[in-house]
Amino acid sequence: MIFWHLGATTLAVRYVYRDPAMDLRWVWAGALLPDLIDKPLGSVLFYAHFGAHRLFAHAIVFPVLLFFVVLVATRRGSPLRKGLIGLVIGTLFHLILDGAWMNPEAFLWPLFGWTFPPADPSALWPLLRRMVSDPLVWAGEAAGAVYLAYLWFGYLRQTDGWTGFLRRGTIPLPIR
Ligand SMILES: [Zn+2]
């Protein structure tokens with residue numbers, strides 16, 4: 001699910017952090033990162049080994065470790081640190097929006113052992129087929145896309161549109 005993660009994460013960070021300078025490009029990268037890591041590993045490259053499409057990057061230890069690495073490896077106040085913290089926030093929201101805690105064995109990995117609970121289906125094509133035929137997936141994608149369209153009409157269309165957004169990474173906040 002792409003628009004669900006992008007739309008719902010953007011909505012959440014806009015209202016939780018209310019930071020007009022927050023670079024949403026990093027947040028968006030984080031919002032997709034767990035799937036970009038785990039799906040290729042679990043469903044394609046090492047399918048025979050894992051038999052699961054939610055692996056390390058869908059465990060809470062992933063954003064926590066990422067956060068510590070960012071704190072250790074970047075300078076305080078630097079734009080890189082700000083961006084990477086946005087990435088960690090996006091990753092955290094990905095886990096929340098996936099309902100990752102509902103599968104404690106995977107969410108709290110490796111507390112219950114080093115293996116991941118097998119998922120059915122986990123192979124790429126059956127998984128994609130299942131997602132395409134799931135009305136909940138479509139509803140989530142539609143909701144995310146509607147929210148992004150709302151942002152475009154409400155905040156970006158009058159100014160420099162998506163190209164400006166991709167250059168800056170920010171969307172103005174509502175005035176109150
Ligand atoms: Zn996911």
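The values are calculated or read from the model by the stated rules, or taken from the named source; none is laboratory data. Keep in mind that this is a model prediction, so the values were computed, not measured. Cβ atoms come from the backbone with ideal geometry, glycine included; neighbour counts cover every protein chain shown.
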TODO: Report, ordered by the first and then the second residue, all pairs with beta carbons closer than 6 Å, sequence separation of six or more or different chains, a first member in segment 1-27 that is under 11 Å from Leu173 (Cα atoms), and a second member that is more than 16 Å from the ligand (Cβ to nearest atom) and not in a helix (DSSP H, G or I).
DONE: Pro20/Leu173
- [ ] May I ask you to say which residue of Leu127, Leu111 is at pLDDT below 95, assigned to a helix (DSSP H, G or I) and over 18 Å from the mean Cα position of the chain (by Cα)?
- [x] Leu127
Task: Count of residues meeting criterion [within 9 Å of the chain's Cα centre (by Cα) and over 15 Å from Leu166 (Cα atoms)] in segment 5-35 - done: 8
TODO: Of all residues in segment 1-42, count the ones that are outside any loop (DSSP other than H, G, I, E, B) and either aliphatic (A, V, I, L, M) or touching a strand residue (DSSP E or B) at 6+ places or on another chain (Cβ under 7 Å) (or both).
DONE: 15
- [ ] Please find, within segment 89-108, the residue that is nearest to the ligand (Cβ to nearest atom) out of those that are under 21 Å from Gly7 (Cβ atoms) and outside any helix (DSSP H, G or I).
- [x] Asp98
- [ ] State whether one or more residues within segment 69-90 are in contact with a helix residue (DSSP H, G or I) (Cβ under 7 Å, 6 or more places away or on another chain), among the hydroxyl-bearing types (Ser, Thr, Tyr) and over 24 Å from Val137 (Cα atoms).
- [x] yes
- [ ] Select from segment 6-57 the residues that are touching a helix residue (DSSP H, G or I) at 6+ places or on another chain (Cβ under 7 Å) and among the hydroxyl-bearing types (Ser, Thr, Tyr) and write down the one among them that is farthest from the ligand (Cβ to nearest atom).
- [x] Thr10
TODO: Provide a single number: the residues in segment 29-87 that are modelled with pLDDT of 95 or more, aromatic (Phe, Trp, Tyr) and crowded, with 16+ Cβ neighbours inside 10 Å.
DONE: 2
Open item on the list: For a quick check of your reading of the model, give me the residue pairs whose first member lies in segment 41-66 and is under 21 Å from Ala123 (Cβ atoms), whose second is more than 14 Å from the ligand (Cβ to nearest atom) and part of a helix (DSSP H, G or I), with beta-carbon atoms closer than 6 Å and at least 6 apart or on different chains.
Closed with: Gly42/Phe50; Ser43/Leu124; Val44/Leu124
- [ ] Only residues that are under 16 Å from the mean Cα position of the chain (by Cα) and either assigned to a loop (DSSP other than H, G, I, E, B) or among the hydrophobic types (A, V, I, L, M, F, W, C) (or both): list them for segment 43-64, please.
- [x] His53, Arg54, Leu55, Phe56, Ala57, Ala59, Ile60, Val61, Phe62, Val64
